[in-house]
Amino acid sequence: MYVDPNLNRGESTSQERRDETQRDRRILGHVVQCDGARAVISAIADTRENGGTDHWTVGRMISINLGAARTVGLVYEIARPELSWTEDQENMIEVKLELIGEVRDIGTAAAPVFDRGITIYPHIGAIAHRIRARDLKAVYEIGGRRSIKLGSLSQDNDLAANIAIDDTLARHFAVVGTTGVGKSTAVSLFLRKALEARPELRVLILDPHNEFAASLPEHAYRIGTHNLDLPFWLFRLEEFCEVLFRGREPVAEEVDVLRDIIPAARALYRAGSQGVQPRRGSDAFTADTPVPYRIADLLRLLDERMGALDGKTDRPHLRALRGRLSSAISDPNYRFMFNARLIEDSIQETIGQIFRIPHDGRSITCFEMAGMPSEVVNSVCSVLARLAFDVATWSEGRLKLLLLCEEAHRYMPADPRLGFAPTRHALSRIAKEGRKYGCFLGVVTQRPGDLDPTVLSQCSTVFAMRLANEADQAIIRSAIADSSASSLSFLSSMGQREAIAFGEGVAATMRLRFEEVPISRIPGMARADSALDVASGEIDLSLIVDRLRNVARSMGSEAPSVPSQAGDTSARPTAGLAEQRASVQVYAPPAYAPTARSRVDDDYGVLNRSGGFGARTRT
């Protein structure tokens, strides 16, 4: 690193202005050892006349005056050589520092400049003292980059804790911390500030606890099983198999059949009544091409294979596959996939709803997954992550999209045998390549040790909150630069709303305290307040049972009405929450009047002729 010799050589006097009656040796120390990364300072501390012992505390920044520059270090250990203390007299102490950079003056009027590198190392006997506020501000100065304020420095509450928002997003970020330290609150604060700085940003939150929408009411659009519309033909073969096989290992023979007949079903839909024209080359369909097809055509192709003379050996697999398809169609958990009776090319409307194009004042989509079966979550998250990358890629950089994964270890576990492989691959692709196309990744987890290390290594900015587990602490230590490793020694003892931020989004490793958020904006508080309000009331068991039997309804809110199916002549009425509470205690679902069979029903092939969608025959 080059330093211009003509630069102002800095101050040659003590950096702090103190009372003339106070002896310097009480509050200053001298360097007695330095190895290039760390230094040891010998100082005197006593309790007489407030002798400056508060200046030598763990976590404080220390400045070593070298004339041309001031080397900055972080105190990570203080000790008495004899491990004893003598009252009413001076006590020699050893202060151990980790060197993090240096501050230089550029001209007499300009603000000092901080550099992470060190050009002049401390010599034996160099004077050390507590860093002055002007230098401390220079250490954490963003340097002209667009920034947002998340709180204040833990060392000095008067100094703002700023992060470079563009670098934090573009190079991905992670928020880690044990349960209850305020991760979700910090994330909601970050999102609110990020949208103020970058209003063009779109955010998709994978929310397993349905808590973020209530904390961001003016920005969030909620998507759950009650209004999710993700047609089955958007699923790739692996994702569709996850639905059919319910998380179990797929049968290879059945997967091969699907790989053959799904492209044929897509071609049937495109050809219409004119017959199938084989497609070749770049115009051919595959099992993963996002082109609509009809389940009825899929079943018809299966039946033709079962009826073929040369298909006797394959009939058991074909029959099993047909049963899986029929079961998935009738399962209420997959209503969002097979809801429409009329198959239309609605990919534009689906993408617009999920990724808020146009956003209409609500740039955040909260995908609420509480109560959804794991196989549903696996397949849907895979589709959403894949679509996020593809949409950002083909927008040619016009769409800036952040995919935020709460409880990220669910989708990207460290053990490759766990989790859903397509989801892992889709998120890993965003982590590795997304920043080139404007697709960013945010990772939130309480167990970084259970998270795929490849994904965590791609997060260039990390906010580490309190972590008690040694294995989790070791993961974070491996991600931080050696020159700031001792900062993480505070991980197990940090307070609420405190975090250690390091990486590309900050100028130097920073211990900060997040801004205090109003109670109404804390994720999960709306549900907690509601629970307290009704805690003394009666428990409506019939309502609980009704929600258990209708898992697709939104949890933590009023149960939405069951949408009428396209082609139905009548709708199934659903009482509101107040009417349900006033209803009789014996659960009695309203009768469903079957509609006349129509060609629409035959074409789609999903109407349960004994009742409504997914209903069973009642005797």
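The values are calculated or read from the model by the stated rules, or taken from the named source; none is laboratory data. Small disclaimer: the values here were computed from a predicted structure and weren't measured. Cβ sites come from the backbone with ideal geometry, for glycine too, and all protein chains shown count toward neighbours. Note: areas computed on protein heavy atoms with side chains; ligands, DNA, RNA excluded. Shrake-Rupley method; radii C 1.70, N 1.55, O 1.52, S 1.80 Å.
Checking the structure you have, find out if any residue of the stretch 368-375 is assigned to a helix (DSSP H, G or I), crowded, with 17+ Cβ neighbours inside 10 Å and out of contact with any helix residue (DSSP H, G or I) (no Cβ under 7 Å at 6 or more places or on another chain).
No, every residue in the stretch 368-375 fails to be assigned to a helix (DSSP H, G or I), crowded, with 17+ Cβ neighbours inside 10 Å and out of contact with any helix residue (DSSP H, G or I) (no Cβ under 7 Å at 6 or more places or on another chain).
Taking Leu418, is it open to solvent by 30 Å² or more (accessible area, probe 1.4 Å), closer than 25 Å to Val175 by Cα and among the aliphatic types (A, V, I, L, M)?
yes
Please name all residue pairs, on different chains or six or more residues apart, with Cβ atoms under 6 Å, provided the first residue is in the stretch 113-137 and is in contact (Cβ under 8 Å) with a residue 12 or more places away in the chain and the second residue is open to solvent by 60 Å² or more (accessible area, probe 1.4 Å).
Once the first residue is in contact (Cβ under 8 Å) with a residue 12 or more places away in the chain and sits in the stretch 113-137, its partners that are open to solvent by 60 Å² or more (accessible area, probe 1.4 Å) give Val113/Ile106; Gly117/Met1; Thr119/Met1; Gly125/His30.
Suppose we keep only residues that are open to solvent by 20 Å² or more (accessible area, probe 1.4 Å) and free of Cβ contacts under 8 Å to residues at least 12 places away in the same chain within the stretch 350-360. Which one would you say is nearest to Glu218 (Cα to Cα)?
Residue satisfying both the conditions and the ranking: Asp360.
Taking Ser428 as meeting all but one of (1) crowded, with 22+ Cβ neighbours inside 10 Å; (2) over 30 Å from Gly495 (Cα atoms), write down the number of the exception.
Unmet for Ser428, out of (1) crowded, with 22+ Cβ neighbours inside 10 Å; (2) over 30 Å from Gly495 (Cα atoms): (1).
Yes/no per residue for (1) within 23 Å of Arg104 (Cα to Cα); (2) among the aliphatic types (A, V, I, L, M); (3) at pLDDT 50 or above; (4) surrounded by fewer than 17 Cβ atoms within 10 Å (Cβ to Cβ):
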residue	(1), (2), (3), (4)
Gln22	no, no, no, yes
Arg25	no, no, no, yes
Ala37	yes, yes, yes, yes
Asp46	no, no, yes, no
Gly51	no, no, no, no
Thr57	no, no, yes, yes
Leu66	yes, yes, yes, no
Ala69	yes, yes, yes, no
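With the requirement that a residue be in contact with a Lys or Arg (Cβ under 9 Å, 6 or more places away or on another chain) and either modelled with pLDDT of 90 or more or open to solvent by 20 Å² or more (accessible area, probe 1.4 Å) (or both), what does the stretch 133-151 give you?
Arg146, Ile148, Lys149, Leu150, Gly151
Among helices (runs of 4 or more DSSP H) lying entirely in the stretch 185-274, which contain 3 or more residues that are modelled with pLDDT of 90 or more and open to solvent by 20 Å² or more (accessible area, probe 1.4 Å)?
Output list reads 252-271.
Tally up the residues in the stretch 287-303 that are open to solvent by 60 Å² or more (accessible area, probe 1.4 Å) and closer than 15 Å to Ala320 by Cα, please.
Residues that pass the stated criteria total 2.
Which residue is least open to solvent (accessible area, probe 1.4 Å), if the candidates are limited to the stretch 385-415 and must be basic (Lys, Arg) and part of a loop (DSSP other than H, G, I, E, B)?
Out of the qualifying residues, it is Lys400.
Failed condition for Ile127, given (1) open to solvent by 40 Å² or more (accessible area, probe 1.4 Å); (2) of a type in the set (Val, Ile, Thr); (3) closer than 19 Å to Ala464 by Cβ, with all others met?
Evaluating Ile127 over (1) open to solvent by 40 Å² or more (accessible area, probe 1.4 Å); (2) of a type in the set (Val, Ile, Thr); (3) closer than 19 Å to Ala464 by Cβ leaves (3) as the failure.
If we scan the stretch 152-165, do we find a residue that is surrounded by fewer than 19 Cβ atoms within 10 Å (Cβ to Cβ), out of contact with any helix residue (DSSP H, G or I) (no Cβ under 9 Å at 6 or more places or on another chain), hydrophobic (A, V, I, L, M, F, W, C) and modelled with pLDDT under 90?
Within the stretch 152-165 (the criterion being surrounded by fewer than 19 Cβ atoms within 10 Å (Cβ to Cβ), out of contact with any helix residue (DSSP H, G or I) (no Cβ under 9 Å at 6 or more places or on another chain), hydrophobic (A, V, I, L, M, F, W, C) and modelled with pLDDT under 90), the answer is no, since none of the residues qualifies.
Determine if the stretch 174-183 includes at least one residue that is within 30 Å of Ala213 (Cβ to Cβ), surrounded by fewer than 19 Cβ atoms within 10 Å (Cβ to Cβ) and of a type outside the set (Ser, Thr, Tyr).
Within the stretch 174-183 (the criterion being within 30 Å of Ala213 (Cβ to Cβ), surrounded by fewer than 19 Cβ atoms within 10 Å (Cβ to Cβ) and of a type outside the set (Ser, Thr, Tyr)), the answer is yes, since at least one residue qualifies.
Which residue pairs have Cβ atoms closer than 9 Å, lie 6 or more positions apart in sequence or on different chains, and pair a first residue in the stretch 322-341 that is small (Gly, Ala, Ser) and in a helix (DSSP H, G or I) with a second residue that is open to solvent by 10 Å² or more (accessible area, probe 1.4 Å) and modelled with pLDDT of 85 or more?
These pairs meet every condition: Ser326/Leu299.
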